[in-house]
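To start, the structure itself, in structure tokens.
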Amino acid sequence: MPFESNYDFKASEAKWRAFWEKEELYKFNPQGSGEVFSVDTPPPYVSAAHLHVGHAMSYTQAEFVVRYARMSGKRIFYPMGFDDNGLPTERFVEKKYNINKNKITKKEFVELCIKETEEGGKTYRALFDALGISVDWSLLYTTIGAHAQKIAQRSFIDLFQKGLVKRKEEPTAWCPFCQTALAQADLDDKNQETFLNYINFEWEDGMPALIATTRPELIPACVALYVNGNDPRYKKYVGTKARMPLFDYEVPVKADDKVSIEFGTGLMMVCTWGDSEDVERWKDDKLETRAVFTKDGRLNELAGVYKGLKIKEAREKIVADLDAQARVVKREPLKNVCNVHERCGVPSEFIQTPQWFITITDKKEEWARRGEELAWFPQFMKTKYDDWVRGLKWDWCISRQRYFGVPFPVWYCRACGAVVLPEDAQLPVDPASDVLEGLKCACGSTDLKGEQDVMDTWMTSSLTPLINAHWKDGADTNLMDAIYPMSLRIQAFEIIRTWLFYTVVKSHYHTNSLPWKTVMISGWGLDTKGKKMSKSEGNFVEAEKVIEQYSADALRYWSAGANLGQNLRYSEEEVQVGKRTLTKLWNASKLCYEHLKAYAPSACAYETLMPVDRWVLYRLQETVKAYHGGFAEYEYARAKDALEKFFWHDLCDNYLEIVKQRLYADNPYNAEEQNAARWTLYTVWNGVIKLYAPFMPFVTEEIYQGYFAAHEGVKSVHVARLPEGQAEWANIAAAEDFERAIAVINAVRKYKTDLKVSIKKELAQLVVESPVLLDAHYQTIAGVMHIKEIFSGKGTVEAGGGIKVSFIE
RNA sequence: GGGCAGUUAGCUCAGUUGGUUAGAGCAUCUCGUUUACACCGAGAAGGCCAUAGGUUCGAAUCCUAUACUGCCCACCA
């Protein structure tokens, strides 16, 4: 028998997880009828291996929306991916195994990465399942898997054929620690404290030329001095030469209005790429090239005796040597910003190497227009996208000098240098090891060298909609018409500039469309003090443990506690409230079941309902309206609030208490009135369970299966339809009429509470004075409040709504 | 330096287009075993809605500054 014991969430959650999997409840049906709702959900880095409650929050918030769509009758395409290729995994493996890249082969290293990736995937799947995330696991993709590799390589070839990806040798952001080229989006700003060094160079006439620099180690890379053309101090030197200290060579003195007269000494050292400004001047003014940094962050032979020193060491040594020559006039502490690689925190440098770039900087207006076309929830998140697009400086560098990634499908002809591409049918390929039969250059040569680099991890993850849709995969698997552009992209805000932006770029180039119609951006779940959770800070609350202790439904309840896009602090108290909600749902269901187990639902005319029934239906109608209104704007929290008020207050505290008298045996009501009670109870109970289902999928399933599934002939609450309400329920006059009866009931409750007596203690007489006659409700009021006799007359105690009552014991 | 959020009861958060005495839950206090539930019910207390101006008959809500908190963006060598 259902509803006999207490609700055992552990047993229940395990049972329904298995049931959903066995029934393939969340499996996408490509043939069915009805609108498709396709969701592009973030493939987590498997290297993270643990979900904290913040991760759980953002995945869950998105999942409310998916479950809502499913229960609105849409055909859900909800895949999951694992983003396993690329630097995050490499860094994870390097740290875990304390790897020295010189002592391990590329093959061994990649094998370790794949092993860790598989482990991580298992952990993640277990956690998502535990949370009740309703993805279709048959749609799982991994960014290092053959399918994603194929799509990524196909994307590259398509861009190459359209002339949108080019190999260029130019100064590119470089991480000396990870030893790879980087894209603009891979860089973070870091505030640092450094010194502004005032150092005397020499004018042609032998007079001291005082420059100010934060990077004296770049003196051997200096290729010009710049002044503002309007600076009276230096006007006469423009066009002359100046002499370097220590390195003893001359550089030209040039004028540029962008040089600040106020900063430092107004005399600026321009080097072979200390920063992007140097790069600009180098390009614009065709300056000499004196690249002094090596790929591993040291100085080369141009630095003479400083050769081989690390950048920071060289900086100190050069200042010391200059000081010994009395050339350092002063050192001022200075706070400035430098770019660091977001994966390792090491300052990036500019190094000139051949790299592949996707053209993006010349299309800022198109990116902005795509941003306009996209529906943003919440709207203010769009600003972050616009900021990023406006600030684009460089084309997207997609080649990485790393190991664990998708290879470029590229060979180079040793005879003529041309790029040679494989046929689409041959993809995926690995030119670093594969030899393709029959592949030859247009010049006829078969002497080809495979590209060794791998692609940026975003090069693959920016294709998730196309990976999901099996773009250009042939008629059998192609889902482009069915799911693309996708209905919804879900993600958190910190990857707008990367994942979101790059995906827009790719879809624009490949399909001349948006990748999705709508984007929903979640905030972060923070610790109780409002700080970001991290292992090193020790404020990491593991989702797994919370689920273990309080249930997945309870954790999900907390996630629904803040509006979309807002950060939410973790609160164990809120999780406990969620847990209590489960219990309350269970207990209320127990009562409903007791009175409805023998009930065969059939039609019941609205006219036959009693006032309290009409009142609760009106409240249900209002709740359903608010609920759908909330979800329409992705404001699941608003939907949850409305539902919670209805369930706890209207249904449990009032309706159930009042309707009981008509349900127990030996009651004074007639058959029609009793039937009205059962029909109404069935309707509101059913509605509440369904409305809660997107938030608390486990307990609602347990209840639904215990009673409704058989009646409705539906195999799970999660594929049932949400209540829409009925026009005749929106009877505000009926609702207001019964509100007056509730006011009287509340007055009696308060009276008994104040007297410190039980509700059950019988009251002899109640006198009701109301502007509207309430005698139709007297029986109901007397029944629920245990009053012997009620009559109309003069009241003394305000009950609200112009009603007064008097009590006679 | 520019921008986006947030700042409402001790705590976590609502407050939809400005409209009667500002809401909920938790925590606190007082009561109450009502045949679903004490993981409950009734009630009480608790807020100059960050600060200062302004618009309005009327502002938590609109405008302008300011202060914190978080984040995004920015080449000042």
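The values are calculated or read from the model by the stated rules, or taken from the named source; none is laboratory data. Remember, predicted model here, so these are calculated numbers, not experimental data. Positions of Cβ are backbone-derived with ideal geometry, glycine not excepted, and every protein chain shown enters the neighbour counts. All accessible areas refer to the heavy atoms of the entire protein, side chains included, with ligands and DNA or RNA removed. Shrake-Rupley method; radii C 1.70, N 1.55, O 1.52, S 1.80 Å.
When the alpha carbon gyration tensor of segment A:360-468 is reduced to an equivalent ellipsoid, the three semi-axes, largest first, read 36, 15, 13 Å. A simple charge model with +1 on the Cβ of Lys and Arg, -1 on the Cβ of Asp and Glu and nothing else charged puts the dipole of segment A:347-477 at about 400 debye relative to its Cα centre. Compared with the dominant Cα axis of chain A, that is its longest principal axis, helix A:671-692 is turned about 10°.
Note on segment A:316-387: Cα-Cα pairs beyond 13 Å make up 81% of the total pair count. Taking every DSSP helix (H) stretch of at least 4 residues in chain A, weighting each as -39,500 (n - 2.57) and dividing the sum by the residue count yields a mean residue ellipticity at 222 nm of -11500 deg cm²/dmol.
Gyration tensor over the Cα atoms of segment A:579-650: the corresponding equivalent ellipsoid has semi-axes (square roots of 5 times the eigenvalues, largest first) of 25, 19, 11 Å. Summary value for segment A:33-166: 34 percent relative contact order, contacts being C-alpha pairs under 8 angstrom separated by 6+ residues. Take the cross-link list A:Lys74/A:Lys532; A:Lys95/A:Lys535; A:Lys122/A:Lys295; A:Lys122/A:Lys545; A:Lys10/A:Lys74 and give me the ones stretching past 25 Å between alpha-carbons. Beyond 25 Å: A:Lys74/A:Lys532; A:Lys122/A:Lys295; A:Lys10/A:Lys74. The angle between the Cα long axis of helix A:501-511 and the longest principal axis of the Cα atoms of chain A comes to about 90 degrees, rounded to the nearest 10. Pairs of Cα atoms in segment A:172-278 fall into 10 Å distance bins, from 0 up to the last occupied one, in shares of 13, 44, 28, 14, 2 percent. Taking max minus min of the alpha-carbon positions on each principal axis, segment A:640-713 gives extents of 39, 29, 15 Å, largest first. Computed on chain A, with alpha-carbon pairs under 8 angstrom and 6+ residues apart, the relative contact order is 14 percent. Of the solvent-accessible surface of segment A:609-766, computed with a 1.4 Å probe over protein heavy atoms with every protein chain present, carbon and sulfur atoms account for 49 percent. Relative to the longest principal axis of the Cα atoms of chain A, the long axis of helix A:106-131 lies at roughly 20 degrees.
Relative contact order, whole percent, for segment A:251-370 stands at 16, derived from Cα pairs under 8 Å and 6 or more residues apart. Annotation note: chymotrypsin sites (Phe, Trp or Tyr not before Pro) in segment A:597-703 located in DSSP loop regions with a Cβ neighbour count of at most 10 within 10 Å are A:Tyr664. For segment A:699-745, the alpha-carbon coordinates run over 41, 25, 15 Å along the three principal axes, in decreasing order.
Spatially, segment A:639-676 and segment A:65-107 are offset by 49 Å when compared through their Cα centroids.
The base-10 log of I(q)/I(0) for segment A:71-114, evaluated at q = 0.16, 0.28, 0.34 Å⁻¹, reads -0.51, -1.04, -1.28 [Debye formula, identical scatterers on Cα atoms, solvent excluded]. If you bin every alpha carbon distance in segment A:462-585 into 5 Å steps from zero, what whole percent lands in each bin? Percent of Cα pairs in each bin: 2, 10, 15, 15, 12, 11, 12, 11, 8, 3, 1.
Over 29 Å between C-alpha atoms is what I'm after, so list which of A:Lys760/A:Lys794; A:Lys760/A:Lys804; A:Lys162/A:Lys440; A:Lys597/A:Lys804 land there. Working shown, then result.
Working: A:Lys760/A:Lys794 25 Å; A:Lys760/A:Lys804 22 Å; A:Lys162/A:Lys440 21 Å; A:Lys597/A:Lys804 40 Å.
Too far apart for the 29 Å limit: A:Lys597/A:Lys804.
The heavy atoms of A:Glu366 offer some 60 square angstrom of accessible surface to a 1.4 angstrom probe. Mean projected area of the Cα convex hull of segment A:528-659, taken over all directions, amounts to 10.4 nm². Under 16 Å from a label point set 7 Å out along the Cα-to-Cβ vector of A:Glu798, the amide N atoms of segment A:762-785 belong to A:769-771.
Other residues whose C-beta falls under 12 angstrom from the C-beta of A:Val36 contribute a net charge of +2, scoring Lys and Arg +1 and Asp and Glu -1.
Annotation: A:Leu755 carries an accessible surface of approximately 80 Å², with a 1.4 Å probe and no ligand, DNA or RNA atoms counted. Proximity of backbone amide H atoms, modeled 1.01 Å from N, is registered between A:Gly565 and A:Gly523 at under 5 Å, excluding neighbours fewer than 5 places apart on the same chain.
Averaging 1/r over each pair of different alpha-carbon atoms in segment A:608-752 and inverting the result gives 16.1 Å, the Kirkwood hydrodynamic radius.
Where Rh is the Kirkwood radius over the Cα pairs of segment A:364-422, the temperature 37 °C and the viscosity 0.692 mPa s, what D in µm²/s does Stokes-Einstein return?
On the way: Rh = 15.2 Å.
Estimated diffusion coefficient is 216 µm²/s.
Count the DSSP beta bridges whose two residues both fall in chain A, then state the antiparallel fraction as a percent rounded to the nearest 5. All intermediate terms of the calculation are to be shown ahead of the outcome.
Working: 63 of 90 bridges.
Taking every DSSP beta bridge within chain A, about 70 percent pair in antiparallel fashion.
With the alpha-carbon atoms of chain A aligned to their principal axes, the span from lowest to highest coordinate is 115, 66, 45 Å, starting with the largest. D by Stokes-Einstein for segment A:12-81, Kirkwood Rh over Cα pairs, 20 °C, 1.002 mPa s: 156 µm²/s.
Only sites in a loop by DSSP and with at most 16 other Cβ atoms within 10 Å count here; which GluC sites (Glu not before Pro) in segment A:682-763 make the cut? Intermediate results must be reported in sequence, preceding the final value.
Working: sites: A:Glu701, A:Glu702, A:Glu712, A:Glu724, A:Glu728, A:Glu736, A:Glu739, A:Glu762; in loops: A:Glu724, A:Glu762.
Of the GluC sites (Glu not before Pro), the ones in loops of segment A:682-763 whose Cβ has at most 16 other Cβ atoms within 10 Å are A:Glu724, A:Glu762.
Centre-to-centre, using Cα atoms only, segment A:733-808 and segment A:250-328 are separated by 88 Å. The charge dipole of chain A, taken about its Cα centre with unit charges on the Cβ of Lys, Arg, Asp and Glu (plus for the first two, minus for the last two), comes to roughly 820 debye. A:Leu159 sits among other residues whose Cβ lies under 11 Å from its own Cβ, and their net charge, with Lys and Arg +1 and Asp and Glu -1, is +3.
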